[in-house]
Amino acid sequence: MPINVNDPEYLKSEREYFESKTNEEKLTALNKMISHAPKHKGGENLRQQLTQRRKKIEEEIDKKQKRKKGTKIGIKKGDLQAVIIGKSNSGKSSLINLLTNVGTKISPISFTTKEPIVGIMNYQETQLQLIELPAIEGENFERGIVHTADTIILLAKKFEEFKEIETLLPRNSAKKIYVLNKSDLLNFEEKRKLFAKMQSKKYNFVIISSLAHLKDDLIEELKKKIFETFNIIRIFTKEPGKEKKERPMIMKPKSTIKDAAEKILKGFSRKVVETKIWGPSSKFGGQIVGLNHELKDMDIIEFKTR
Ligand SMILES: Nc1nc2c(ncn2[C@@H]2O[C@H](COP(=O)(O)OP(=O)(O)OP(=O)(O)O)[C@@H](O)[C@H]2O)c(=O)[nH]1
Ligand SMILES: [Mg+2]
């Protein structure tokens with residue numbers, strides 16, 4: 001038995017669906033329809049039809065992107081990869097320019113960024129790969145990168161956009177940070193309310209402004225949050241009588257001295273005759289430890305070999 005849906009939001013989205021010209025627009029409208037479709041048993045059939053339709057459209061979008069991929073240069077995934085995702089004009093390019101070494105085009109015109117922009121972000125002697133993806137509601141959005149990302153930064157210029165981004169986001173297992181941009185356009189009361197809303201959602205979030213001249217501590221806090229989503233420890237090595245190396249090795253928590261030696265060179269741990277350690281996992285600086293010693297973030301190791 002077909003049912004009549006009277007929810008005005010549903011009917012509005014349905015109209016949007018029929019008027020959509022691109023698959024991306026159809027997907028947005030369908031997601032809205034699904035969220036407003038009747039939840040009770042009578043709506044089961046309808047919900048099934050809608051999700052089937054959504055699957056088909058997602059497949060078509062993926063297929064089209066694969067065809068395009070052939071002509072594009074692939075992005076080599078860094079050890080630590082975070083991806084900025086949001087709707088057009090949310091300030092993705094402004095943010096990546098603030099956080100990394102790239103200078104990509106910022107413009108009030110929609111859909112300015114047409115391919116992924118890759119930047120390097122420095123944080124406490126560690127380098128992370130940060131990527132701006134073209135707007136999620138546009139046809140240049142790259143769904144594939146979402147699957148490889150360690151961390152996803154959902155960037156919105158309005159609170160309501162988070163939901164839209166979430167419904168369009170392909171399934172993934174990345175950690176998420178919610179960033180509300182353009183806070184310079186809000187007054188105190190508006191900011192206070194938003195803060196409470198984000199808190200009640202239990203989001204890991206920051207409210208920022210990407211206008212370079214308003215750049216403040218919150219950008220630094222965002223950097224810290226991005227870094228903290230990666231479950232890693234940083235290990236420095238040094239040679240006897242010398243300073244520690246400038247860049248740390250990135251390792252998994254609970255790695256041992258042996259793991260670190262093997263990361264330097266396969267088989268290297270067999271050559272080690274003595275290891276000294278400085279830093280959080282040592283009882284005192286220069287403590288001699290065995291191969292099974294467990295490392296902590298920011299340790300410094302000195303290997304003596306045969
Ligand atoms: N007031 C205000 N404007 C901002 C802020 N961040 C970005 N903008 C402006 O918003 C517009 C869009 O910024 P972009 O950084 O190009 O946005 P985008 O998300 O990369 O947009 P597309 O690449 O087109 O999808 C520009 O005019 C920016 O100057 C902000 O924090 N406050
Ligand atoms: Mg952009």
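For residues that are in contact with an Asp or Glu (Cβ under 7 Å, 6 or more places away or on another chain), surrounded by fewer than 15 Cβ atoms within 10 Å (Cβ to Cβ) and free of Cβ contacts under 8 Å to residues at least 24 places away in the same chain, tally how many sit in region 235-283. Total meeting the criteria: 1. Could you tell me which of the residues PHE159, PHE188 is modelled with pLDDT of 95 or more, more than 16 Å from ligand 2 (Cβ to nearest atom) and of a type in the set (Phe, Trp, Tyr)? Every option except PHE159 fails the conditions.
Scanning region 104-129 for residues that are under 26 Å from ASN231 (Cβ atoms) and without any contact (Cβ under 8 Å) to a residue 60 or more places away in the chain turns up PRO116, ILE117, VAL118, GLY119, ILE120, ASN122, GLN129. The number of residues in region 12-65 that are touching a residue at least 40 places away in the same chain (Cβ under 8 Å) and farther than 16 Å from LEU169 by Cα comes to 6.
Taken together, GLU14, GLU44 contain a single residue that is surrounded by 19 or more Cβ atoms within 10 Å (Cβ to Cβ), of a type in the set (Asp, Glu) and modelled with pLDDT of 85 or more, which is GLU14.
Across region 100-131, what is the total count of residues that are part of a strand (DSSP E or B), in contact with a Ser or Thr (Cβ under 6 Å, 6 or more places away or on another chain) and surrounded by 14 or more Cβ atoms within 10 Å (Cβ to Cβ)?
Adding up the residues that qualify gives 4.
Of the residues examined, LYS176 is not one that is within 16 Å of ligand 2 (Cβ to nearest atom) and within 24 Å of THR104 (Cα to Cα). Among the residues examined, GLU132 qualifies as touching a residue at least 40 places away in the same chain (Cβ under 8 Å), of a type in the set (Asp, Glu), within 12 Å of ligand 2 (Cβ to nearest atom) and within 26 Å of ILE219 (Cβ to Cβ). When the residues of region 68-85 are filtered to those that are at pLDDT 95 or above and touching an Asp or Glu at 6+ places or on another chain (Cβ under 7 Å), the one that is nearest to ligand 1 (Cβ to nearest atom) is ILE84.
The values are calculated or read from the model by the stated rules, or taken from the named source; none is laboratory data. No experiment lies behind these values; they were computed from the predicted model shown. Every residue, glycine as well, gets a Cβ built from its backbone with ideal geometry; the counts of neighbours run over all protein chains shown.
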